[in-house]
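Below: one structure, written as structure tokens.
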Amino acid sequence: MAIEVKDLTFAYPKSNNNALEHISVIIEKGEKVAIIGQNGAGKSTMVKTIDNIYKPTTGQIIIDGKDTAKMTTAQTAKMVGYVFQNPNDQIFNDNVVKEIEYVLRYWKLPEEEIIKRREEVLDITGIRPYIDIHPFDIPLPIRKFLTVAVVLAVDPDYVILDEPTAGQDNWGRNQLKIVMDYLQAKGKAIITISHDMEFVAENFDRVIVMAHKNIIADDDRRKIFYQQDILKDAKVKPPVSAQIAQALGLSGNILNMDELVRAL
Ligand SMILES: Nc1ncnc2c1ncn2[C@@H]1O[C@H](COP(=O)(O)OP(=O)(O)O)[C@@H](O)[C@H]1O
Ligand SMILES: [Mg+2]
């Protein structure tokens with residue numbers, strides 16, 4: 001069971017340049033993968049193409065053996081859930097419960113299953129206290145968890161979180177941990193796009209680095225965050241603990257403050 005990206009090239013309509021060129025990558029069910037790279041590197045474009053929001057210009061996306069070219073966007077979203085960076089791009093109902101139930105009703109799930117899933121995701125995402133508030137009156141960081149709830153309710157095997165820590169305080173970071181533990185316990189793949197290297201280093205074993213319309217590195221976090229040439233090319237800085245460890249010449253590819261303290 002995997003997402004297979006095969007020689008994907010994508011150009012936006014009316015654009016003279018490709019946004020993505022000849023990308024090939026496999027992400028398996030159960031993996032935790034982070035995609036990093038500077039703004040405009042093509043991270044969101046790649047995941048939107050994986051999720052069949054955009055059609056490849058050339059190349060293929062195969063999910064669990066099925067070519068997305070033969071699937072609708074709704075069918076693909078059942079397999080690969082995508083939580084947009086900006087929740088406002090994803091919310092279109094005037095009520096939290098309606099928003100969560102919308103897709104489940106579209107797929108004509110039995111009523112008791114709809115209720116079961118709705119209740120579960122209301123708890124996992126921590127948005128139950130906001131159930132009677134209009135979605136656009138919910139504070140933006142919490143509104144993002146409404147879109148997480150909508151995606152979790154669909155129960156896809158692959159979940160993409162675009163910048164999940166952006167704008168989140170301690171409440172949000174803690175809730176995000178609960179969501180990720182829940183997904184992992186269910187054997188789901190978690191794919192994140194993030195500029196938050198502390199978050200990436202702490203939670204994602206595998207790191208994919210994008211630059212120049214392509215993937216320039218794809219490896220274990222301990223290797224990626226100690227490859228200066230790659231990080232420089234992608235214009236990303238490793239976690240602060242790794243920067244300090246590097247400056248002090250400490251061994252062991254340190255990635256967090258606990259490890260740094262122990263090494264000192
Ligand atoms: N809707 C769009 N129409 C045309 N070009 C776009 C659109 N969205 C993104 N791009 C371009 O595609 C490239 C990749 O963008 P994007 O995937 O958003 O990067 P990232 O998510 O890594 O910041 C950039 O050059 C960007 O300007
Ligand atoms: Mg983006």
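Any read-out appearing in this document is the output of simple, stated calculations on the displayed coordinates, not a laboratory observation. What you are looking at is a predicted structure, and each value in this text was computed from that prediction instead of being measured. FYI the Cβ positions are ideal-geometry reconstructions off the backbone, even for glycines, and counts take in every protein chain you see.
Enter the per residue convex hull volume of segment 1-92, computed from alpha-carbon coordinates, in Å³ rounded to the nearest integer.
Hull volume over Cα atoms, normalised by residue count, gives 118 Å³.
Would you please name the GluC sites (Glu not before Pro) within segment 119-212 that are DSSP coil residues with at most 10 other C-beta atoms within 10 Å of their C-beta?
none
Local charge sum around Gln227 (other residues, Cβ-Cβ under 13 Å, Lys/Arg +1, Asp/Glu -1)?
Counting the neighbours of Gln227, the net charge comes to 0.
How long is the gain from Asn16 to Ile62 if the chain were fully straight, where each residue apart is worth 0.36 nm and the alpha carbon distance is subtracted?
Between Asn16 and Ile62, full extension yields an extra 13.9 nm.
For Ser251, Ser241, what's the fewest-to-most ordering of other Cβ within 10 Å of each Cβ?
Ordered from fewest to most neighbouring Cβ atoms within 10 Å, Ser251, Ser241 come out as Ser251, Ser241.
Run the simple label-point estimate for Met1 and Gln38 please: 7 Å along Cα→C-beta, distance reported in nm.
My value for the distance between the label points is 3.9 nm.
Answer with one residue from Ile27, Ala69, Ala189: the one whose Cα lies farthest towards the positive end of the charge dipole of the chain, charges on Cβ with Lys, Arg +1 and Asp, Glu -1.
Ala69
Please give the net charge around Gly187, taking every other residue with its beta carbon less than 14 angstrom from that of Gly187, where Lys and Arg add +1 and Asp and Glu add -1.
Its environment carries a net charge of -2.
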